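**Student:** Have a look at the structure that comes next, please.
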Amino acid sequence: MATRADAASAVARPHDSDAEMGATSRLDPARARQRPLPEPKPLTQHGPARIIAMCNQKGGVGKTTSTINLGAALVEYGRRVLLIDLDPQGALSVGLGVPAQNMDRTIYNALMERKTTLADVRVPTDIPGLDLVPSNIDLSAAEVQLVSEVAREQTLLRVLADVRDEYDYILIDCQPSLGLLTVNALTAAQGVIIPLECEFFSLRGVALLVDTIDKVKERLNPSLEISGILATMYDSRTVHCREVFSRVVEAFDDVVFQTVIQRTVRFPETTVAGQPITTWAPTSSGASAYRDLAKEVLSL
């Protein structure tokens, strides 16, 4: 598992020597790592689900976009997927066209009310095989209310037990913080995917995040592992972006997915449309990238 020392080495200031900049500009490090990906095998039965938390305490790095599109891509390969919106801002729900702000029951009710289950609050999406547990601003109260609960870090784990056998993957879109809700997600998950914008300041919080994951693994969830680091908003035309990506690969090696998510105007369009990019622009490079990411996740 990656350590805080690995993360710290990733945030070392990039070299600014002309020789290294020139060498970097001649080679796209992301393209150099590309290898053929195996086609996923069909399933004969569903469940129990592998639970993956999409986590980064920095906002705007592509967590929600990656949760939606990875889930949709997994469905294309015959998997049943449940998406959990664990962010009070409800961006995951909005991104799938679900009016969560007007809903009476959300993930908040499943977490805080003993008689309410996930099956009571989940809703189907327009994509068969892809379900959603929505969230809205009510969830912000859960962070405070859970403090007084017994085994508060395991609340989400207990709630997920009721539906885990119905799905192949459960993807949790975490809020941009390392608070109690995020700790709940890490306690429930077997894997963590860290979306990381290819920009220098995005690297600075990786050490803290890896440290939190290590603590959760040690104290609450021994089976927790980093499934991979996903480079997002990647632009091979800029030296800085390529340099940051190279630093991340240097520190984490095979933990970094070979799939990178290129910066494109298609993703904001999908948010307005309330659809994944795999259905909004199925032949786009973004859709292809998330299908490749799904292949990598399925091969873990």
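**Student:** So what is the 222 nm mean residue ellipticity for the chain from helices alone, if each DSSP H run of at least 4 adds -39500 (n - 2.57) and you divide by all residues, rounding to the nearest 500 deg cm²/dmol?
**Tutor:** That calculation yields -11000 deg cm²/dmol at 222 nm.
**Student:** Relative to the Cα centre, what is the charge dipole magnitude of the stretch 73-189, using +1 at the beta carbon of each Lys and Arg, -1 at the beta carbon of each Asp and Glu, and rounding to the nearest 20 debye?
**Tutor:** 200
**Student:** With an 8 Å Cα cut-off and a minimum separation of 6 or more residues, compute the relative contact order for the stretch 159-300 in percent.
**Tutor:** Computed value for the stretch 159-300: 19 percent relative contact order.
**Student:** With the radius of gyration and the Kirkwood radius both derived from the Cα set of the chain, what is their ratio Rg to Rh?
**Tutor:** 0.96
**Student:** Let me ask you something else. So which of Lys115/Lys295; Lys41/Lys215; Lys58/Lys295; Lys41/Lys115 end up more than 31 Å apart by C-alpha?
**Tutor:** In this structure, Lys115/Lys295; Lys41/Lys215; Lys41/Lys115 exceed 31 Å between Cα atoms.
**Student:** So, one more: Report the charge-dipole magnitude of the stretch 174-259 in Debye, nearest 20, computed about the Cα centre from +1 at each Lys and Arg Cβ and -1 at each Asp and Glu Cβ.
**Tutor:** 180
**Student:** So, one more: If you stretched the chain out fully between Gln190 and Ser177, how much longer would it get, using 0.36 nm times the residue separation minus the C-alpha to C-alpha distance?
**Tutor:** 2.7 nm
**Student:** Also, quick follow-up: Within the chain, what percent of beta bridges assigned by DSSP are antiparallel, to the nearest 5?
**Tutor:** DSSP beta bridges in the chain are roughly 5 percent antiparallel.
**Student:** Loop only by DSSP, 11 or fewer other Cβ within 10 Å of the Cβ. Give me the trypsin sites (Lys or Arg not before Pro) in the stretch 181-250 that pass, ordered by residue number. Don't skip to the answer; put the middle values down first.
**Tutor:** Working: sites: Arg204, Lys215, Lys217, Arg219, Arg237, Arg242, Arg247; in loops: Arg237.
The qualifying sites are Arg237.
**Student:** Can you pull a Stokes-Einstein diffusion coefficient for the stretch 234-279 at 25 °C (0.890 mPa s), Rh from Kirkwood over Cα pairs, as a whole number of µm²/s?
**Tutor:** D = 197 µm²/s.
**Student:** Shifting gears a bit: Along the charge dipole of the chain, Cβ charges K/R +1 and D/E -1, which of Gln45, Leu82, Val159 sits furthest on the positive end?
**Tutor:** Projecting each Cα onto the dipole axis, the largest value belongs to Gln45.
**Student:** Here's another thing I want to ask about it. Taking a virtual spin label 7 Å from the Cα of Asp165 along the C-beta vector, which residues in the stretch 107-148 bring their backbone nitrogen under 16 Å of it?
**Tutor:** Correct set: 118-119.
**Student:** While we're looking at this one, here's another question. What shape does the stretch 24-104 have by the C-alpha gyration tensor, where a ≥ b ≥ c are the square roots of the eigenvalues, rounded means a/c under 1.5, and otherwise prolate means a/b greater than b/c and oblate the rest?
**Tutor:** It comes out oblate by the Cα gyration axes.
**Student:** If the chain between His46 and Ala32 were fully stretched, how many nm would it gain, using 0.36 nm times the residue separation less the Cα-Cα distance? Don't jump to the answer; show the numbers that get you there.
**Tutor:** Numbers: separation 14, 0.36 × 14 = 5.04 nm, distance 3.57 nm.
Roughly 1.5 nm would be gained on extension.
**Student:** A follow-up question, please. How high is the relative contact order of the chain? Use alpha-carbon pairs under 8 Å, at least six apart in sequence, and give a whole percent.
**Tutor:** Contact order relative to length: 29 percent.
**Student:** Ok, one more. In degrees from 0 to 90, rounded to the nearest 10, what is the angle of the helix 63-76 Cα long axis to the longest principal axis of the chain?
**Tutor:** So the inclination is approximately 80 degrees.
**Student:** Another one. Give, rounded to the nearest 20 debye, the magnitude of the charge dipole that the chain has about its Cα centre when Lys and Arg contribute +1 at Cβ and Asp and Glu contribute -1 at Cβ.
**Tutor:** Here the chain has a charge dipole of around 240 debye.
**Student:** Select from Ser148, Ile137, Gln262 the residue farthest towards the positive end of the dipole of the chain; place +1 on Cβ of Lys and Arg, -1 on Cβ of Asp and Glu, and compute about the Cα centre.
**Tutor:** Projecting each Cα onto the dipole axis, the largest value belongs to Gln262.
Rule-based calculations on the coordinates, nothing more; no lab input. Bear in mind the structure is a predicted one, so any value in this text is a computation, not a measurement. Note that each Cβ is placed from the backbone with ideal geometry, even for glycine, and that neighbours are counted across all protein chains shown.
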